[in-house]
1. For segment 114-137, give me the residue count where each residue is over 16 Å from LEU215 (Cβ atoms), small (Gly, Ala, Ser) and touching a residue at least 40 places away in the same chain (Cβ under 8 Å).
2. Would you please name the residue that is modelled with the highest pLDDT, looking only at residues in segment 108-145 that are in a helix (DSSP H, G or I) and of a type in the set (Ser, Thr, Tyr)?
3. Consider only pairs whose beta carbons are under 8 Å apart and that are at least six residues apart or on different chains; among these, list those whose first residue lies in segment 194-208 and is free of Cβ contacts under 8 Å to residues at least 24 places away in the same chain and within 16 Å of MET112 (Cα to Cα) and whose second residue is part of a helix (DSSP H, G or I) and of a type in the set (D, E, K, R).
4. Looking at segment 60-76, is at least one residue at pLDDT below 75, of a type in the set (Gly, Ala, Ser), farther than 19 Å from GLN146 by Cα and in contact with a helix residue (DSSP H, G or I) (Cβ under 8 Å, 6 or more places away or on another chain)?
5. Taking the conditions exactly as written (crowded, with 16+ Cβ neighbours inside 10 Å and charged (D, E, K, R)), does GLU114 satisfy them or not?
6. Kindly list the number of the only condition in (1) in a helix (DSSP H, G or I); (2) more than 14 Å from VAL209 (Cα to Cα); (3) in contact (Cβ under 8 Å) with a residue 24 or more places away in the chain that fails for LEU76.
7. Taking the conditions exactly as written (at pLDDT 70 or above and under 24 Å from ILE205 (Cα atoms)), does ALA93 satisfy them or not?
8. Give the number of residues within segment 146-189 that are part of a helix (DSSP H, G or I) and either under 19 Å from the mean Cα position of the chain (by Cα) or among the aromatic types (Phe, Trp, Tyr) (or both).
Amino acid sequence: MIRFRYLRLLRRHPSALLLVVQLLGLFLYPAMEDTPDGRALFGAFGILVLALALWVVNRSPAINWVAWLLALPALLGSLLGTFAEIPHLLMLAQLMEAALYFYTAGSLMAYMLEDHRVTSDELYAAGATFTLLAWGFAFAFSVCQQWYPGSFTAAVNPALPRSWVELLFLSFSVLSGVGLSDIVPIQPQARALVMLAQFAGVMYIAVVVSRLIGLTLLRTKQGGASDGQA
């Protein structure tokens, strides 16, 4: 009985499951990127996140075939690139994954802005949208440093390419507005991407998050007024 209750909850709030899985990935990624077995697990985990992103976009006002058009090449490229060790194919897969995450984030933002009510699912969607943007820009940074070697540097091993965890850390840093951390873009293309991420983070907080907060406060105020009249 409890199991069916949780299944119903997940069907009602798919954004919550996507958010939990991506936050779980923050703890798993550091252990998965240094060994061949870990990289295989990294690819499998990425497929799981892709599947959840498709599930979420299927329950929001988005065109499903666009999501599948982005997801299928990303899935095939990720599998072949990881297990056959074809760097260019893996780079193409990461580019498609970035596009899918941005598309899913856009569809969730449209879902949150389509009415004047704030539901619990929209609050989960707000968190999931931020993580989708973070993942999308991290993949974009990864593609950038493969196309333009030396795009990013850091205080530790400055000449080496940045790892996935480092690029994801950079993505969270610039989207949240806390700064560039210890990862610095030095090529013009990388700086352009970082500026886009900064703009996206500021606009997301200014337009979507502030609107959800305003509607929640308005609903609380109206509820208090109704209780006072009663």
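1. 3
2. Within segment 108-145, the first condition is being in a helix (DSSP H, G or I), and the residues that meet it are 108-113, 120-145.
Right, trim to of a type in the set (Ser, Thr, Tyr) and you get 111, 120, 124, 129, 131, 142.
Values: TYR111: 81, SER120: 75, TYR124: 82, THR129: 89, THR131: 91, SER142: 94.
Restricting to residues being in a helix (DSSP H, G or I) and of a type in the set (Ser, Thr, Tyr), the top hit is SER142.
3. none
4. Within segment 60-76, one or more residues are at pLDDT below 75, of a type in the set (Gly, Ala, Ser), farther than 19 Å from GLN146 by Cα and in contact with a helix residue (DSSP H, G or I) (Cβ under 8 Å, 6 or more places away or on another chain).
5. So GLU114 does not fit the description; no.
6. Condition (3) is where LEU76 drops out.
7. no
8. Applying the first criterion (part of a helix (DSSP H, G or I)) to segment 146-189 yields 146-147, 164-176, 188-189.
Those still in the list that are either under 19 Å from the mean Cα position of the chain (by Cα) or among the aromatic types (Phe, Trp, Tyr) (or both) too: 147, 164-176.
Final tally of qualifying residues: 14.
The values are calculated or read from the model by the stated rules, or taken from the named source; none is laboratory data. Since we're looking at a predicted model, the values are computed, not measured. Every residue, glycine as well, gets a Cβ built from its backbone with ideal geometry; the counts of neighbours run over all protein chains shown.
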